[in-house]
Amino acid sequence: MRLEDKVRRLQEILLDCSRVAVAYSGGVDSSLLLKTALDTLGAGNVLPLFASSLLVTPADRERALSWPRRHGYGRGVVVEAVDLYPLSWKEFVRNPPERCYLCKFRVYSQFIAIMEKRGIRVLMDGTNTDDLKDRRPGLRAIHELGVRTPLVEAGLCKDDVRARSRELGLDTWQQPSSSCLATRLPHGMAVTEERLQQVARREQGLARLGFVGCRVRLDREDEGTAYVQVRQEDLDLFLDQGMRMAVARLLGKEGVTRVYLDLAGR
């Protein structure tokens with residue numbers, strides 16, 4: 001199916017719903033969904049909801065909340081930040097393999113409660129067809145709660161989402177995929193504020209060196225070990241001798257003595 005046909009199908013799905021809430025993360029997928037919903041249904045019929053917590057960095061929060069302004073929408077379009085406190089969820093803090101399911105179920109349940117008070121009956125999520133190929137426990141929560149995934153329903157894959165976002169002039173079109181900070185902790189390692197902040201500082205430091213969209217994962221047994229992923233196009237830069245030394249100095253200040261690089265990249 002051609003991209004234009006998929007886009008038309010997406011618009012039809014939205015029109016069938018009349019009024020929707022959009023689970024908005026600030027990423028490329030939910031940005032396209034939000035843009036299409038606003039342009040198809042009008043601002044008064046779309047409620048963008050953003051999960052604000054320690055699981056996202058302040059920079060990511062600001063980028064998500066400023067999306068309407070950056071894309072020319074007036075005061076009538078506001079991304080509503082919903083404050084959440086995942087460190088109070090005991091089952092989440094234990095960090096079991098189903099952590100993403102537990103979190104998504106909590107977050108979307110709260111979104112649904114908010115939107116239903118405003119007379120909205122449909123919550124939409126930015127999952128695309130490529131996401132279905134991976135193991136994503138959060139999809140279970142989406143199905144259990146009856147959340148719609150219109151990008152999937154319209155047949156849009158990640159490349160389609162980026163291509164359409166570029167056509168529409170969205171500044172997210174080439175933004176690296178992102179995930180919450182808790183994903184950098186191996187299952188079984190308790191999720192704590194200190195560990196989340198540690199991950200955020202390390203990734204922000206590497207981003208300042210030019211590694212936007214990097215990942216720094218913790219080791220279950222050794223706090224002095226860090227596992228780093230950078231984008232494929234950044235591998236040569238990372239392997240430059242001078243850059244390796246800069247990375248070692250940066251992470252050394254964080255107590256890291258061993259750095260392992262994923263040679264496959266992101």
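The values are calculated or read from the model by the stated rules, or taken from the named source; none is laboratory data. This is a predicted model, so every value here is computed, not measured. With ideal geometry, Cβ positions are generated from the backbone for all residues, glycine too; neighbour counts draw on all protein chains shown.
Per-residue answers, yes or no, for (1) outside the structural domain of Leu65 (by TED's automatic domain parsing); (2) free of Cβ contacts under 8 Å to residues at least 24 places away in the same chain; (3) surrounded by fewer than 18 Cβ atoms within 10 Å (Cβ to Cβ); (4) not basic (Lys, Arg):
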position: Thr172; (1), (2), (3), (4): yes, no, no, yes
position: Cys180; (1), (2), (3), (4): yes, no, no, yes
position: His187; (1), (2), (3), (4): yes, no, yes, yes
position: Leu196; (1), (2), (3), (4): yes, no, no, yes
position: Arg202; (1), (2), (3), (4): yes, no, no, no
position: Gly210; (1), (2), (3), (4): yes, no, yes, yes
position: Arg215; (1), (2), (3), (4): yes, no, no, no
position: Glu221; (1), (2), (3), (4): yes, yes, yes, yes
position: Val228; (1), (2), (3), (4): yes, no, no, yes
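Taking the conditions exactly as written (buried (at least 18 other Cβ atoms within 10 Å of the Cβ), out of contact with any His (no Cβ under 7 Å at 6 or more places or on another chain) and at pLDDT below 95), does Asp29 satisfy them or not? Spelling it out, it is not the case that Asp29 is buried (at least 18 other Cβ atoms within 10 Å of the Cβ), out of contact with any His (no Cβ under 7 Å at 6 or more places or on another chain) and at pLDDT below 95. How many residues, within region 82-94, are surrounded by fewer than 19 Cβ atoms within 10 Å (Cβ to Cβ) and more than 18 Å from Tyr24 (Cβ to Cβ)? Qualifying residue count for the region: 8. Going through region 230-261 one residue at a time, which ones are out of contact with any strand residue (DSSP E or B) (no Cβ under 7 Å at 6 or more places or on another chain), surrounded by 14 or more Cβ atoms within 10 Å (Cβ to Cβ) and either outside the structural domain of Gln204 (by TED's automatic domain parsing) or among the β-branched types (Val, Ile, Thr) (or both)? Within region 230-261, just Val230 meets the criteria.
Residues checked against (1) under 27 Å from Glu144 (Cα atoms); (2) over 16 Å from the mean Cα position of the chain (by Cα):
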residue: Val56; (1), (2): yes, no
residue: Leu65; (1), (2): no, no
residue: Arg70; (1), (2): no, yes
residue: Val78; (1), (2): no, yes
residue: Ala113; (1), (2): yes, yes
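Here is a yes/no grid of residues against (1) outside any helix (DSSP H, G or I); (2) polar (S, T, N, Q):
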site: Ala51; (1), (2): yes, no
site: Arg69; (1), (2): no, no
site: Gly76; (1), (2): yes, no
site: Asn95; (1), (2): yes, yes
site: Leu102; (1), (2): no, no
site: Ile112; (1), (2): no, no
site: Ile120; (1), (2): yes, no
site: Leu139; (1), (2): no, no
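Look at Ser30 and say whether it is closer than 16 Å to Leu151 by Cα, part of a loop (DSSP other than H, G, I, E, B) and either among the polar types (S, T, N, Q) or touching a residue at least 12 places away in the same chain (Cβ under 8 Å) (or both). For Ser30, the condition - closer than 16 Å to Leu151 by Cα, part of a loop (DSSP other than H, G, I, E, B) and either among the polar types (S, T, N, Q) or touching a residue at least 12 places away in the same chain (Cβ under 8 Å) (or both) - is not met.
Looking only at residues in region 141-158 that are in contact (Cβ under 8 Å) with a residue 24 or more places away in the chain and in a helix (DSSP H, G or I), the one that is farthest from Asp29 (Cα to Cα) is Glu144. The residues on offer are Val20, Val7, and the sole one that is hydrophobic (A, V, I, L, M, F, W, C), more than 19 Å from the chain's Cα centre (by Cα), crowded, with 21+ Cβ neighbours inside 10 Å and in the same structural domain as Gly155 (by TED's automatic domain parsing) is Val20.
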